[in-house]
Amino acid sequence: MIKIIAGGKKNAGWVLEACAEYEKRLRKPFDVVWNFMPEEKLEKYLAEWPFTGREYVICCDERGENISSPEFSRRLEKAFTDGREVVILIGGAYGFTPEVREKADFMWSFSKLVYPHGIARVVCTEQIYRASQIMSGGPYHHE
């Protein structure tokens, strides 16, 4: 299972519809569970979160590393193989504190562009689906 913790509201219908389209195609261990919380609550939650090491924590941040879809797939596969729960964090408007960025296993940038939360959520969900297809040898991803 992949847990996505996102700051902000659930978003408009088109975001939910796009995410749902990819999510309905996902199978374990790629099934997604969303946890939405207001940005202030997210910041407090992350400041108190223990980061136990049992999770593979990915922070979506434009200051992170820009990787290919196959590389993202390999990172997820390794986390699953190591028995770690994958947790993806989509921060608030001001990103993550330095403490959260330091504790994360991976800082992931979709690009050097900054996206609104709704688009970031769709891109994240699509990349999880693409990773599942790469791992299973499905026809969705083309090299």
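No lab work stands behind these numbers, since they all come straight from the coordinates. Just so it is clear, the model here is predicted, and its values are computed rather than measured. Cβ sites come from the backbone with ideal geometry, for glycine too, and all protein chains shown count toward neighbours.
Taking the numbered list (1) over 23 Å from E40 (Cα atoms); (2) crowded, with 18+ Cβ neighbours inside 10 Å; (3) touching a Leu at 6+ places or on another chain (Cβ under 9 Å) in turn, M135 passes all entries but (2). Apart from one condition, V123 fits all of (1) within 18 Å of L26 (Cβ to Cβ); (2) of a type in the set (V, I, T); (3) in contact (Cβ under 8 Å) with a residue 40 or more places away in the chain; (4) part of a helix (DSSP H, G or I); the exception is (3). In the range 33-54 there is no residue that is in contact with an Asp or Glu (Cβ under 6 Å, 6 or more places away or on another chain) and closer than 27 Å to K112 by Cα. Look at W14 and say whether it is surrounded by fewer than 18 Cβ atoms within 10 Å (Cβ to Cβ) and either in contact with a Cys (Cβ under 6 Å, 6 or more places away or on another chain) or part of a strand (DSSP E or B) (or both). So W14 fails the test.
Table: residues versus (1) under 19 Å from W34 (Cβ atoms); (2) not aromatic (F, W, Y).
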| site | (1), (2) |
| --- | --- |
| E65 | no, yes |
| E77 | no, yes |
| F106 | no, no |
| R130 | yes, yes |
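Here E126 clears all of (1) within 13 Å of the chain's Cα centre (by Cα); (2) over 23 Å from H142 (Cβ atoms); (3) among the acidic types (D, E); (4) surrounded by 14 or more Cβ atoms within 10 Å (Cβ to Cβ) except the condition numbered (2).
When the range 15-33 is filtered for residues that are in contact with a helix residue (DSSP H, G or I) (Cβ under 8 Å, 6 or more places away or on another chain) and not charged (D, E, K, R), the ones remaining, listed by number, are V15, A18, C19, Y22, L26, P29, F30, V32.
Taking first residues from the range 12-23 that are more than 13 Å from P116 (Cβ to Cβ) and partners that are outside any helix (DSSP H, G or I) and not hydroxyl-bearing (S, T, Y), the Cβ contacts under 7 Å between residues at least 6 apart in sequence or on separate chains come to L16/K10; E23/V32.
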